[in-house]
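Read the figures in this text as sums done on the coordinates, not as results from a lab. None of the values given here were measured: they were computed from a predicted structure. Cβ placement follows ideal geometry from the backbone for every residue including glycine, while neighbour counts extend to all protein chains displayed.
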Amino acid sequence: MENFEKKFFVHSSSIVDENVIIGAGTKIWYFSHILKNTQIGDNCIIGQNVSIGPDVQIGKDCKIQNNVSVYKGVTLEEGVFCGPSCVFTNVYNPRAFIERKNEFLPTLVKKGATIGANATILCGITIGRYALIGAGAVVKGNVPDYGIVVGVPAKQIGWACKCGVPFKKVKKFICSRCGSSYQLKGKNFTVLKETL
């Protein structure tokens with residue numbers, strides 16, 4: 001573990017393996033385990049009973065709430081929120097009696113995305129920038145930038161502002177909270193102006 005003169009906090013009940021890099025301002029709380037060759041960016045908050053790694057990349061400004069495991073093959077870009085007890089997988093068809101570590105499928109969660117409490121993210125997909133995944137959703141396919149998905153299996157029900165305000169399905173979107181504006185062109189949700 002690289003400590004950089006104690007510029008981050010690790011609770012005494014947590015374990016950090018070898019060859020781990022933890023960014024300045026990051027806080028790792030109770031009973032968490034950061035496995036080898038993992039990199040966590042600056043100013044992250046890692047909640048209670050979180051397991052990360054091995055070989056995982058976490059961007060800066062992420063919040064990983066209690067009881068989340070971020071397995072090998074999962075990458076979180078900056079500013080990702082993982083709600084309590086959300087679940088990532090890394091093998092699509094696991095069996096206890098068959099070794100499938102060579103079949104891990106990569107999962108990418110892009111900048112600013114939010115994953116709700118108890119959501120399940122199946123491996124091999126990409127969750128787009130600033131997407132919102134509803135609590136308890138089971139996500140089996142890619143989610144577009146700014147998309148909102150809910151349900152089992154998850155289905156897209158709308159779009160979200162960068163600040164998290166949901167939009168109904170219309171052609172033009174202006175956020176009531178931050179004033180950002182967006183436009184739907186075909187299936188593409190495009191930014192006209194973002195204020196954040």
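A few remarks follow.
- Under 5 Å, built H, 5+ apart or other chain: amide partners of residue 22: 2, 40
- Inter-label distance, nm, simple model (7 Å from Cα along the C-beta direction), residue 163/residue 78: 2.1 nm
- Flagged links, alpha-carbon separation over 19 Å, of 63/110; 111/155; 63/193; 7/27; 36/110: 111/155; 63/193; 36/110
- Counting DSSP beta bridges with both ends in the chain, the antiparallel % (nearest 5): 30 percent
- Within segment 95-196, GluC sites (Glu not before Pro) in DSSP loop having at most 10 other beta-carbon neighbours inside 10 Å: 99
- A protection proxy built from the mean count of other Cβ atoms within 10 Å ranks the segments 89-95, 35-41, most packed first, as 35-41, 89-95.
- When +1 charges are put on Lys and Arg Cβ atoms and -1 charges on Asp and Glu Cβ atoms, the dipole computed for the chain relative to its Cα centre reaches about 1100 debye.
- Calculated on the alpha-carbon coordinates, the convex hull of the chain measures out at 119 cubic angstrom per residue.
- Cβ-defined net charge surrounding residue 162, 12 Å radius [Lys, Arg +1; Asp, Glu -1]: +2
- Residue 184 versus residue 87: modelled label distance in nm, points set 7 Å from Cα along the beta carbon direction: 3.1 nm
- Largest GNM mean-square fluctuation among 144, 153, 84, using the chain with Cα springs under 10 Å: 153.
- Whole-number percent relative contact order across the chain, with pairs defined as alpha carbons under 8 Å at least 6 apart: 10 percent
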